[in-house]
Every structure is written in structure tokens, then in C-alpha cells.
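Scroll down for the structure; my scribbles are underneath it.
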Amino acid sequence: MRIAFAAALLLVTGCSSTPSKVEPQPAPTQSEADKAVDAGRGEFTVAAGMNDTWNAVGQILIRLDGVSYEMRAQMLGIYTVRYRGERFIILTRGLLASSERKGLATEVGALWLDGKPNNSAAARDLLKQLQRRLPDELALIAAGGRGKPKH
């Protein structure tokens, strides 16, 4: 998935004018996602669709002190952010339903600009803030109170 993401990111940033076919990697099962979170990689899962999660993340980012973003791409589910002197990507990725997970779910994580997992202190802190604030923001979006970030 990380390689496919890096390839897609290169297309978005203009490094290639001819889109290449990138086959999506299968999403991890709930137990694999849980293992990733337990391994301390900073990723977490929310019980919401990717579109709403991406919008909610954007709303939170624009209101957090010390966070700025340089680029966003809804189709890729990403925000390129600057936080605590670091530049990295916040990625939202919809997860497939499984026998263990029946409803919508989205994984939120951090990557370096080269697509490798980012487990820096800044990324972990920002993800913790997002994880804490996402339930309330998702509830506002579901109630029609907020939409796409305005920039």
C-alpha cells in the first residue's frame, strides 16, 4: 500500500504527466489494523467512512495551533502538513468490511513524504490529537454542521 501511495503522490505532485495504473493493495483486516496500532506505529481506526473522516481531519487541522498544510488530495485521502518543524502526510484510508468489521471504518496514519511510515514524536502527537477530536467532529459532519475544509 505504501508503494502504491508513493506512486500516486508522485502523480499528484506533477512528477509524471501520464498516469500509470496503480493496483490498490488489499486493506488489512481488523485484526491486522489492531496489531498495527498495538505495535505503536501511531495509526488508528475510526468507525466512519473515508470521505467523512477526511473532511473531519481537515476541519480539525485548520483549527489546531502549530499545524499548517501545504496540499490536500481528497481522492488520495491525504493532507501534507507541517507540524513541530516536520513536514509529513496524514493519510485516511477506507478499510474493507470483513467478518470482524461489518460497518464503515477508516484508518488514519502518518507517512513521510516518501510514503514510509512516520512514527516521529510530532506525528504521534498530531495523531493523538486527531484521534481524540475525531468523534466530535464526525458527529458534527453527520448532523450537517460542517463540510469540506475551506481554503
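The values are calculated or read from the model by the stated rules, or taken from the named source; none is laboratory data. Note that the structure is predicted; figures quoted are calculated from it, not measured. Cβ: placed from backbone, ideal geometry, glycine included. Neighbour counts: every protein chain shown.
Within region 89-108, being surrounded by 21 or more Cβ atoms within 10 Å (Cβ to Cβ), within 18 Å of residue 72 (Cα to Cα) and not β-branched (Val, Ile, Thr) holds for 91, 93, 107.
Residue 111 meets the conditions (1) modelled with pLDDT of 95 or more; (2) buried (at least 17 other Cβ atoms within 10 Å of the Cβ); (3) within 19 Å of residue 48 (Cα to Cα) in every case but one. The failed one is (3).
Residue pairs whose Cβ atoms lie under 8 Å apart, separated by 6 or more positions or on different chains, with the first residue in region 70-81 and under 16 Å from residue 109 (Cβ atoms) and at pLDDT 95 or above and the second among the hydroxyl-bearing types (Ser, Thr, Tyr) and surrounded by fewer than 16 Cβ atoms within 10 Å (Cβ to Cβ), are 81/68.
Tell me which residues, restricted to region 114-142, are at pLDDT 90 or above and of a type in the set (A, V, I, L, M).
Within region 114-142, 121, 122, 123, 126, 127, 130, 134, 138, 139, 140 meet the criteria.
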